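The next block holds one structure in the form of structure tokens; read it before the comments.
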Amino acid sequence: MTEPLLRVRDLKTYFVTEQGSGTARAVDGVSFDVYPGETLGVVGESGCGKTVTSLSILRLIPEPPGHIRPGSFIEFEGRNLLTLAPKELRAVRGNRIAMIFQEPMTSLNPVFTVGHQIAEAAIVHQRLSRKAARARAIEMLTLVGIPDPGERVDHYPHQMSGGMRQRVMIAMALICHPQLLIADEPTTALDVTIQAQILELLDRLQRELGMAVMLITHDLGIVAGSADRVVVMYAGQVVEQAPTTELFARPLHPYTEGLLASVPRLDTRVSQVRGRLHSIPGQVPAATAWPAGCRFHPRCPYAWDRCAMEEPPLLDSPGGEAGTHTVRCWLLTEPGRRERHA
Amino acid sequence: MTHAPLVQVEGLVKRFPGERALFGLGRARRTVRAVDGVSFAIAAGQTLGLVGESGCGKSTVGRAILRLIEPDAGRITLGGADVVALRGRELRALRRRMQIVFQDPYGSLNPRMTVQQTLAEPLAIHRLATAADAKRRVTALLEEVGLDPAFGTAYPHELSGGQRQRVGIARALSVEPQFLVLDEPVSALDVSVQAQVLNLLADLQRKRRLTYLFIAHDLAVVKHIADDVAVMYLGKIVERAPATALYAGPRHPYTTSLLSAVPVPDPKAQRQRIVLEGEVPSPAAPPAGCPFNPRCPHPKKNDRCRTEPPALREVVPGRFAACHFAEQPM
């Protein structure tokens, strides 16, 4: 197997809360790999730690109140990003690793033209002249499918629609041909027809530019359509990790199973769906007080006494190659319990 | 359909004046026809799903029905009562029968009021309960929406998104309405919580025999809850049909495209995704002819589509579509 491009090991990002009500362990021992050219989907609900994980990779966590705990390790192209000097880190950010955010409205600067903002990274990282950088910006606008790029390059963000702004964000992120693109909910703020356009665009650009994509989303439909592998997060931890087809065919963590069952679906007949939706009881606990034992046990239909006391490690699913499909659940040691429950 | 309609809307129009340029100088821009001749009926105890993308006018329809904004033209009746003609006390009395639940459970609750105060206020306004009685009613309401009555003393910031939305639903139910406008009630919620709230809405509907106008952009969610579905584009309904029929075989190319754009949580589903070109045009300057024609992927699209706006017509009994080629859907 090829070497991973990005290797995250035991990442712990904690925040000290204002009222002194304790430490929020937003990301608490997360490990995963991203391989060159692949799309890794990271799914989970609000507060599971998926965004904090991505911000930690680029060291964009504000300190204080946040801090990445000693013992955490993030290796990219053979170097530990957590120990890089600021200057070296800047050479990685926006150059080798780029990021796009959910809010195309607020992540663009309203007082500069989009051309100026797209060209900035090329001027800083590739030392292009202003003129050359502007030409590159126009090329990038063409690449992301913006009509009249020669004219649009001088427009300000407010003159563009949400979908267009997200295309500008993508152009800005890709101008230096990064090896890794971190896309944090890139289509959440967009309408469904525009979302389809942006997802197509990301697919095409990934194929053309050969970069790896870490796609962070809450939408299992998007993951199913775009990701090669999926990491499912819950309460600051990875609870399941598998190739996409495997995860959807055989979800083994009760949380993944519940999440898949609670999505209202379009691909079932109306007669089948007019009943009750499956729902996961309760809600995600607070990051300052994760439950003891398995963090999902208070909401889990299969939980037994061991789950409340002992935290399960990531276990290999039976039948697969080690490390391909891993699950943080004691059920894997006692599969009979799942069948008896059904 | 066997039930008589509870809510009837005919030819609803709402225009918003175009904004002036900077500092109110210059000539006013063209009027925006946010809602442009919308008609539908909802039978008692049924749910109409009203779907469309941002800016299509779906929320404006919901608000105009409740007279939260004044419609410019059209007829709206609730159980035979003329909603548009009523004024003052009579309108207030009618409002008791129709309520709204908003999308944003963060912005729609008063942060300075406890849950108890929020739920008791409508009871006081409509003089439905004495102070002592109100407390008992609030407890019952909280239990009905699946919240521990202990939440009565909590402030909104102490609640999660799902809990706030339950409070929003309880507030709407407090005056015992017949009709609820649900404006994107689960869009802001996480998937697992969204399912809880959808189940709650379905249970309440059955128990209280409520009639819903369910406004949403998510076609999968609407499929789950609606009996009938109306699809809006640029202020007009472009397709209206029973949910079963609409999802099985849409008649308007916009509905077809919308359905194909929704990501399905199944990696093996090899779907033909129709990616629409361009974006929704400004409602201040809708295209001539069929408003959807510049983006329409229908292979039969022709000059007629560019000049003659198609009327919403009954293609087969009970199924309406505004497309010249509704008989030959994509």
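Computed values, structure above
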{"quantity": "FRET efficiency estimate (nearest 0.05) - Cβ-Cβ, A:VAL111 to A:THR324, R0 41 angstrom", "calculated": "0.25"}
{"quantity": "Within straight-line cross-link reach of B:LYS236, lysines at Cα separation under 19 Å, skipping those fewer than 8 residues along the same chain", "calculated": "B:LYS14, B:LYS58"}
{"quantity": "Shielding of B:53-63 by partner chains, average beta-carbon count, 10 Å", "calculated": "1"}
{"quantity": "For region B:213-330, alpha-carbon Rg relative to the globular expectation (2.2 N^0.38 Å, N residues)", "calculated": "1.05"}
{"quantity": "Ranked packing of B:216-227, A:89-100, most packed first, by mean Cβ within 10 Å", "calculated": "B:216-227, A:89-100"}
{"quantity": "Estimated vicinal HN-Hα couplings, Hz - region A:111-125 in sequence order (Karplus 6.51, -1.76, 1.60; Gly, Pro = x)", "calculated": "9, 10, 5, 5, x, 4, 6, 5, 6, 3, 4, 5, 5, 5, 8"}
{"quantity": "Rounded to 5, the percent of DSSP beta bridges in region A:165-247 classed as antiparallel", "calculated": "55"}
{"quantity": "Proxy reagent accessibility, fewest Cβ within 10 Å first, across B:PHE16, A:PHE101", "calculated": "B:PHE16, A:PHE101"}
{"quantity": "Cα gyration tensor, region B:139-202 - rounded (a/c under 1.5), prolate or oblate", "calculated": "oblate"}
{"quantity": "Cα convex hull volume per residue for region A:255-342 (Å³)", "calculated": "146"}
{"quantity": "Whole-number D in µm² s⁻¹ for chain A, Kirkwood Cα-pair radius fed into Stokes-Einstein, 37 °C, 0.692 mPa s", "calculated": "153"}
{"quantity": "Amide H contacts of B:ALA43 (H built 1.01 Å from N, under 5 Å, at least 5 apart or other chain)", "calculated": "B:LEU6"}
{"quantity": "Computed label-point distance, nm, for sites A:HIS177 and A:VAL124 using a 7 Å Cα→Cβ extension", "calculated": "2.1"}
{"quantity": "Whichever lysines have a C-alpha closer than 27 Å to that of A:LYS50, once near sequence neighbours (fewer than 8 apart) are set aside", "calculated": "A:LYS12, A:LYS87, B:LYS268"}
{"quantity": "Packing-based order for A:114-126, A:162-174, using average beta carbon neighbours within 10 Å, highest first", "calculated": "A:162-174, A:114-126"}
{"quantity": "Rh by Kirkwood over Cα pairs, then Stokes-Einstein D for region A:150-189 at 1.002 mPa s and 20 °C, µm²/s", "calculated": "188"}
{"quantity": "Residue-wise HN-Hα coupling along region A:189-201, computed from phi with Karplus coefficients 6.51, -1.76, 1.60 (Hz; x: Gly, Pro)", "calculated": "8, 9, 5, 5, 6, 6, 4, 4, 4, 5, 5, 4, 4"}
{"quantity": "Using alpha carbons only: equivalent-ellipsoid semi-axes of the protein assembly as shown, gyration tensor based, whole Å", "calculated": "41, 34, 25"}
{"quantity": "Amide proton proximity set for B:MET232, modelled H, under 5 Å, gap of 5+", "calculated": "B:VAL51, B:GLY52, B:VAL238"}
{"quantity": "Gained length - B:GLU121 relative to B:TYR155, 0.36 nm times residue gap less alpha-carbon distance", "calculated": "10.8 nm"}
{"quantity": "Most fluctuating residue given options B:ALA64, B:ALA154, B:ALA269, as computed from a GNM of chain B linking Cα atoms under 10 Å", "calculated": "B:ALA269"}
{"quantity": "Full-stretch length increase - A:ALA91, A:ARG204 - with 0.36 nm per residue and alpha-carbon distance subtracted", "calculated": "38.1 nm"}
{"quantity": "Rounded to whole Hz, the Karplus (6.51, -1.76, 1.60) HN-Hα couplings of region B:123-132, x for glycine and proline", "calculated": "5, 6, 4, 8, 6, 9, 7, 6, 4, 5"}
{"quantity": "B:ASN302-B:GLU70 pseudo-label distance in nm [points 7 Å out on the Cα-to-Cβ vector]", "calculated": "4.6"}
{"quantity": "Cα→Cβ-extended label distance, 7 Å offset, between A:ARG306 and B:ALA131, nm", "calculated": "5.8"}
{"quantity": "Whichever lysines have a C-alpha closer than 23 Å to that of B:LYS135, once near sequence neighbours (fewer than 8 apart) are set aside", "calculated": "B:LYS207"}
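Only the coordinates and a few stated rules stand behind these numbers; no lab work does. From a predicted model like this one, the values you see are computed outputs, not experimental measurements. Virtual Cβ from ideal backbone geometry, glycine too; neighbours counted across all protein chains shown.
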